[in-house]
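Note sheet for the following structure.
The values are calculated or read from the model by the stated rules, or taken from the named source; none is laboratory data. The shown structure was predicted, so the numbers you read here are calculated from the model rather than taken from an experiment. Neighbour counts run over all protein chains shown; Cβ positions are idealised from the backbone, glycine included. Note: areas computed on protein heavy atoms with side chains; ligands, DNA, RNA excluded. Shrake-Rupley method; radii C 1.70, N 1.55, O 1.52, S 1.80 Å.
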Amino acid sequence: MPVIFTPDSPPPTAAEARELIVHLAERYVPGVRELPGSTDLADHGLGSIELMSLTSQLRAHGCDLTFIDLIDAPSIEAWVALLTRGAVT
């Protein structure tokens, strides 16, 4: 099970952030683990409803990301970059 981040946690490593994102995104994008990190997940069925749910799940894991953050750059690579900059609550 992926880690839950807290305000006292250091920013996640890229590997931790990727694992969390991929783990959560698997329910919305089958085969997401095999896709290149730069893949636009909207092209693989990730719509606005799924993004809202994913945003909620990430926030439940302590990640301070918004729907706008995710929709602006819908790729694993972009989301990992956001999380590794310290975007945790």
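Converting phi to 3J(HN,Hα) with the Karplus coefficients 6.51, -1.76 and 1.60 and the offset θ = phi - 60°, segment 15-26 yields 5, 5, 5, 4, 4, 4, 4, 5, 4, 6, 6, 4 Hz in sequence order, with x at every glycine or proline.
Comparing the chain with the 2.2 N^0.38 Å rule of thumb, its C-alpha radius of gyration ratio is 0.97 (two decimals). Stretched out fully, how many nm does the piece from Asp43 to Ile68 gain, at 0.36 nm a residue minus the Cα gap? Going from the current span to full extension adds 7.3 nm.
Within the accessible area of segment 27-89, the carbon and sulfur atoms contribute 54%, probe 1.4 Å, all protein chains present. In loop segments of segment 1-34 as defined by DSSP, the GluC sites (Glu not before Pro) with at most 15 further C-beta atoms inside 10 Å of their C-beta are Glu26. Phi angles of segment 36-53 translate, via the Karplus equation with coefficients 6.51, -1.76, 1.60 and θ = phi - 60°, into HN-Hα couplings of x, x, 8, 4, 6, 5, 5, 6, 10, x, 7, x, 5, 5, 5, 5, 5, 5 Hz per residue; Gly and Pro are given as x.
Note that the chain presents 53 Å² accessible area per residue, ligands and nucleic acids not counted, probe 1.4 Å.
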